[in-house]
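Colleague: Have a look at this one before I ask anything.
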Amino acid sequence: MVRPAWLESPILRRLLGVAALAAVALMVGRLVTEARVAVSVAYRFGPAGRAVRSARIDYVEIDGGSAASVRALAWDFGAAGAPAEKVHETRLRPGDYRVGIKLVDQGGAWRAADTNIDVPAASGARIVVEVEP
């Protein structure tokens, strides 16, 4: 098979090599920024948590000027109410998050609150969120 002469150009070979390296660097960079880390988020309800029958948690990732819900969960505690502390083991990308918390009490009334958390780049972090029922 005969290759065209322009494929034999040393300049073209260098350009193709640089383009290939740039593509690999972009893929590696994307993997690093998309990597999630293990994190334990401890929700402290305290003694007043016994009045809480359920909780809805929504993690909203704040990236630049945009925000997107990335994880949501619900806990139903029943008549016993919420424990003093409930831990959520999850995997999130490092960065800033707004955590929306919606609590429902024994009478069916609900209360909503937001708090901000910062997920560090290191895996295994423990983040404590104080919840006031």
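Colleague: Toward the positive end of the charge dipole of the chain, about the Cα centre and with charges on Cβ (Lys, Arg +1; Asp, Glu -1), which of PRO47, GLY17, THR90 goes farthest?
Modeller: Checked the options; the winner is GLY17.
Colleague: For the chain, set up a GNM with springs between Cα atoms under 10 Å and report which of ALA80, ALA55, ALA121 has the largest fluctuation.
Modeller: Maximum among the listed residues: ALA80.
Colleague: Specify the residue with the greatest mean-square fluctuation among ALA84, ALA22, ALA67, computed from a Gaussian network of the chain linking alpha-carbon atoms under 10 Å apart.
Modeller: Among ALA84, ALA22, ALA67, the largest mean-square fluctuation in the Gaussian network model of the chain belongs to ALA22.
Colleague: Once you wrap a convex hull around the alpha carbon atoms of the range 62-133, what is its projected area averaged over all directions, in nm²?
Modeller: Hull-based average projected area comes out at 5.6 nm².
Colleague: Residue separation times 0.36 nm, minus the C-alpha to C-alpha distance between SER66 and ASP105: what's the value?
Modeller: Extra length from SER66 to ASP105 when fully extended: 10.8 nm.
Colleague: For the range 37-130, what's the relative contact order in percent, using C-alpha pairs closer than 8 Å and at least 6 residues apart? Please list the in-between numbers first.
Modeller: Numbers: 223 pairs, mean separation 38.4, N = 94.
Taking the mean separation of contacting Cα pairs over the length of the range 37-130, I get 41 percent.
Colleague: Between GLY95, GLY108, GLY81, where does the largest GNM mean-square fluctuation fall for the chain, given springs only between Cα atoms within less than 10 Å?
Modeller: GLY108
Colleague: Taking each pair of different alpha-carbon atoms in the chain once, compute 1/r for the pair, average those values, and report the inverse of that mean as the Kirkwood hydrodynamic radius in Å to one decimal.
Modeller: Details: mean 1/r = 0.0555 Å⁻¹.
Evaluated on the chain, it is 18.0 Å.
Colleague: Follow-up question, since we're still on this one. So, in nm, how far is label LEU21 from label ALA48 when the simple model puts each one 7 Å beyond its Cα toward the Cβ?
Modeller: Distance between label points: 6.0 nm.
Colleague: Relative to the first principal axis of the alpha-carbon coordinates of the chain, what is the inclination of helix 10-34, with its axis defined by its Cα atoms, in degrees from 0 to 90 and to the nearest 10?
Modeller: Approximately 10 degrees, to the nearest ten.
Taken together, the values in this text are just the output of simple stated rules run on the coordinates, not laboratory data. Small disclaimer: the values here were computed from a predicted structure and weren't measured. Positions of Cβ are backbone-derived with ideal geometry, glycine not excepted, and every protein chain shown enters the neighbour counts.
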